[in-house]
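The block underneath contains the structure these notes are about, expressed in structure tokens.
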Amino acid sequence: MRANTDERPGIAAAVVVYEGRVLMVRRRVSEGRLSWQFPAGEVEPGETREEAAVREIREETGLTVAAVKPLGERVHPRTGRHMSYIACEALGGTAYVADTEELVELAWVAHREIPEYVPYGLFGPVQDHLDAALQS
């Protein structure tokens, strides 16, 4: 029996809130209309979604985080990729564009600014998490 070679690995996205803001990145090559998004990348063989989110944020932004809890999963309506969203806690480091091949810039985004960065809206469970985490 042949494996389905069209199966792409799932994507794990790290949702990091620190000092009342959420970390977002802008990719060098946008995926369709996606411009700003959460640090994310493919889950590698033998890796959990949480491990992938922690690894990707370290590789892309230099930030050390710990996975706190899964926020939800879906097939992304714009990319067709299976997405897992993981709430993460910042442990150390200063976020910067560590992966200059993938990222152009990053920003710590206030709650009221999210629609400017993501005008088409966030995945419901992620929005709910940010609504609770970013309200003062």
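The values are calculated or read from the model by the stated rules, or taken from the named source; none is laboratory data. In this text the structure is predicted, and so the values were computed from the model without any measurement. A quick note on method: Cβ atoms are made from the backbone with ideal geometry, for glycine too, and the neighbour counts reach across all protein chains shown. The accessibility values were calculated without ligands, DNA or RNA, using every heavy atom of the protein model including side chains. Shrake-Rupley method; radii C 1.70, N 1.55, O 1.52, S 1.80 Å.
Points worth noting:
- Answer residue from the range 50-72, given it is open to solvent by 80 Å² or more (accessible area, probe 1.4 Å) and not in a strand (DSSP E or B) and is nearest to Pro125 (Cα to Cα) among those: Glu51
- Residue within the range 5-25 that is basic (Lys, Arg), over 23 Å from Leu134 (Cα atoms), at pLDDT 95 or above and surrounded by fewer than 21 Cβ atoms within 10 Å (Cβ to Cβ) present: no
- Among residues of the range 102-136, those that are under 23 Å from Arg49 (Cα atoms), assigned to a loop (DSSP other than H, G, I, E, B) and open to solvent by 50 Å² or more (accessible area, probe 1.4 Å), counted: 1
Conditions tested, residue by residue: (1) out of contact with any Asp or Glu (no Cβ under 9 Å at 6 or more places or on another chain); (2) farther than 15 Å from Gly41 by Cα; (3) in contact (Cβ under 8 Å) with a residue 12 or more places away in the chain.
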position: Val75; (1), (2), (3): yes, no, no
position: Tyr85; (1), (2), (3): no, no, yes
position: Glu89; (1), (2), (3): yes, yes, yes
position: Val109; (1), (2), (3): no, yes, yes
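- Filtered by the rule that a residue be farther than 26 Å from Val75 by Cβ and not aromatic (Phe, Trp, Tyr), the range 94-103 gives Thr94, Ala95, Val97, Ala98, Thr100, Glu101.
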